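Report on the structure given below.
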Amino acid sequence: MPYTVKEVRVIYDRGATYDFEDYTYREPFQLQYAVGDEQDFAPVPGRKLKSYDQFNVPLANAAGYAKIPAPLGKHGLLILRLRPCYALTKIFVNPAEIDVEVFFDDESLFYTFYNGTDRTQFEITVKIDEDNEEIFSKLRASKSDPLLYKYFVRKAMVTESPIKLEEAATTYPEIMTAEQLASYAQVDFQTIRNKTSKKEIPFEKFGSSVRYRKEDIDAWMKGQKRKRPASRRNSRG
């Protein structure tokens, strides 16, 4: 059954770097299930490039884990294109109702995450690892077998975030986007936007882009904790 899609984010994992493209559409399109490249999932007609950015840091940390916030509301589609010879060996989605699929093109695997809920954003946590199970080759050899696609997704899905506590600190880059900061601070994306516009949170401008240094945010958050008034017990007169 096809999905109705209104907005798309495409993330390109390039190993040492990554980049993304955000698209909106004049009219919603129907996501069809067929192998092919990203153009099949983010068609050119009627689309508008909303934003684009490049990062000179890896998408995943040293252990291969990546926590990826997706500021995509209902009918939003996140496409994660992996570099050749890599696959997702663990997938955790929040909320759990996000639909996950895997596809391939001429070079590599890519995964789609569809938000059919009323949430204004969602988050995925994945482990990017070498394709030792040869998922790419097996899908190419049996591309008309939908059960095989679903098998590899189900095998990778986990019910709890796979990022261990000692690895969490290296999950976020030293310079973060608003979406990454919202995930890092565990607040709504709009909260970060509001605090930025009011200059209530430290940020820097890189051209027309707003970025947040992790060390500045950590110091600011510690300062916020010190400002909180101590709780007082209710006293009876």
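Quick check: anything in the range 213-235 modelled with pLDDT of 80 or more and polar (S, T, N, Q)?
No, the range 213-235 contains no residue that is modelled with pLDDT of 80 or more and polar (S, T, N, Q).
Tell me whether the range 161-179 contains one or more residues that are in a helix (DSSP H, G or I) and modelled with pLDDT of 90 or more.
No, every residue in the range 161-179 fails to be in a helix (DSSP H, G or I) and modelled with pLDDT of 90 or more.
Could you list, in sequence order, all residues of the range 8-20 that are part of a strand (DSSP E or B) and either in contact (Cβ under 8 Å) with a residue 60 or more places away in the chain or surrounded by fewer than 18 Cβ atoms within 10 Å (Cβ to Cβ) (or both)?
Listed by number, the residues that qualify are VAL8, ARG9, VAL10, ILE11, TYR12, ASP13, ASP19.
Count, please, the residues in the range 95-114 that happen to be under 14 Å from ALA141 (Cα atoms) and touching a residue at least 60 places away in the same chain (Cβ under 8 Å).
Residues that pass the stated criteria total 4.
Test ALA156 against the stated conditions and say whether it is surrounded by 16 or more Cβ atoms within 10 Å (Cβ to Cβ) and either on the phi < 0 side of the Ramachandran plot or at pLDDT below 80 (or both).
yes
Hey, can you tell me all the residues within the range 98-147 that are within 17 Å of the chain's Cα centre (by Cα) and more than 18 Å from VAL5 (Cα to Cα)?
Residues satisfying the conditions are LEU109, ILE124, THR125, VAL126, LYS127, ILE128, ASP129.
The values are calculated or read from the model by the stated rules, or taken from the named source; none is laboratory data. Here the structure is a predicted model, which is why all the values come from computation and not from measurement. All Cβ positions, even for glycine, are placed from backbone atoms using ideal geometry, and neighbour counts span all protein chains on display.
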